[in-house]
Amino acid sequence: MLEGQVVKLDRGYPLVRTEAGDELRCKHATALVKGEKVRAVIGDRVLLDIPEAHDKAIIAEILPRKTEFVRKDPTERALPQVLAANFDTVLIAQPIADVNLRRLERELVLAHETGADVAVILTKADLAESDEDIERIARKVGDLVGARDRVLVVSAEEPESIDAVRDLVAPGTTTVLIGKSGVGKSSLVNLLVGCEVQETAEVREVDGKGRHTTVSREMIDVPGGGCVVDMPGVRGLGLWDAESGIEAAFSDIEELAASCKFRDCRHEAEPGCAVRRAVEKGELSQSRLDSYHALRSETNEIRERREEASRIRSRTGHPRRRG
Ligand SMILES: Nc1nc2c(ncn2[C@@H]2O[C@H](COP(=O)(O)OP(=O)(O)OP(=O)(O)O)[C@@H](O)[C@H]2O)c(=O)[nH]1
Ligand SMILES: [Zn+2]
């Protein structure tokens, strides 16, 4: 069997690059997709069968993932959906003149949940009102992400601003780029690569919404660096398992919580709550605590639904998989 990596996913069959450098269109083995909806995603390392009579190779096995980006499947009640695998870094892009902090908190939770390194890229710096504005917003975002993650400001009008991003896309590593449609991900990829590899869209003037242009997922080589994957179409960002992601993205609250009177304090109405005290003293914003509570209950709810579903499965005697 050959080993390879899924390097492109579009409307056709997954494209797998073998260790010898060949690129093969592949089908999933029936045994792999039967029952559960297991599909290889971009970045997956796979084992291939090469049948003689077929024009396509067969993905016989998906190897264990080093990292994976998971959200709740937007079309299913209690199923996870993996969007990418085996990357080292997640870059979150938001336009500096239109930063959405609530969305950023969610993106940070999902990114940290993967266990990869995380950085925030503030794009379209040329559209900011002034340098003071850029500094102010970058500082505000910096406060939100905490000391562990970097915040970089870039502009397609200023190619040198991309150099700091290039440093993050180190040789031998894979970087995943996430962000709402139209924030400038494709433009960033083109600047990193130094030519037009990704089609970009003019934002519609009437409603200012980016058109949906990027339809495929592809691992793109950055000259002198690693690989980058633009993740388009990530519209819904529902949380799946997000405990550790929340802990990492809200480390300020987790630190305060260590001083709460009760170890299992939920920072709601308990006496001796250090988190609520910080809000009263103006050291923590109420809206940030609200986000924390909302994201916490979202992931708890998913967990309860999943547990409920597995209880129903075992009651109805649905055959359980044997490991
Ligand atoms: N002024 C300005 N416009 C930019 C910059 N970067 C990107 N744009 C424009 O913003 C629009 C959207 O950029 P894209 O790179 O296609 O955005 P995207 O995030 O890849 O969007 P999807 O492919 O839909 O996910 C295009 O019209 C770009 O020309 C920038 O730094 N400054
Ligand atoms: Zn508390």
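Tabulated data
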item: Percent antiparallel among DSSP beta bridges (both partners in the stretch 69-230, rounded to 5); result: 30 percent
item: Neighbourhood net charge (13 Å Cβ-Cβ; Lys/Arg +1, Asp/Glu -1) for residue 283; result: 0
item: Accessible area of the chain belonging to carbon and sulfur atoms, whole % at 1.4 Å probe; result: 46 percent
item: Percent of beta bridges antiparallel (DSSP, the chain, rounded to nearest 5); result: 55 percent
item: Eligible aspartates and glutamates near residue 56 by straight Cα distance, threshold 12 Å, same-chain separation 8 or greater; result: 23
item: Out-of-range pairs (alpha-carbon distance over 25 Å; input 72/180; 72/124; 8/37; 34/72; 8/34); result: 72/124
item: Cut-off 12 Å between beta-carbons: net charge of the residues surrounding residue 158, Lys and Arg +1, Asp and Glu -1; result: -3
item: Among 218-228, 300-310, the order from most to least packed when residues are scored by Cβ within 10 Å on average; result: 218-228, 300-310
item: Residue 221-residue 244 FRET efficiency (beta carbon distance; Förster radius 35 Å; 0.05 resolution); result: 0.70
item: Relative packing of 49-55, 97-103, which averages over residues the other C-beta atoms within 10 Å, highest first; result: 97-103, 49-55
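The values are calculated or read from the model by the stated rules, or taken from the named source; none is laboratory data. Values in this document were obtained by computation on a predicted structure and should not be read as measured data. Reconstructed Cβ throughout: ideal geometry from the backbone, glycine too, with neighbour counts over all protein chains shown. We work out accessible area using only protein heavy atoms, side chains counted, and drop any ligands, DNA or RNA first. Shrake-Rupley method; radii C 1.70, N 1.55, O 1.52, S 1.80 Å.
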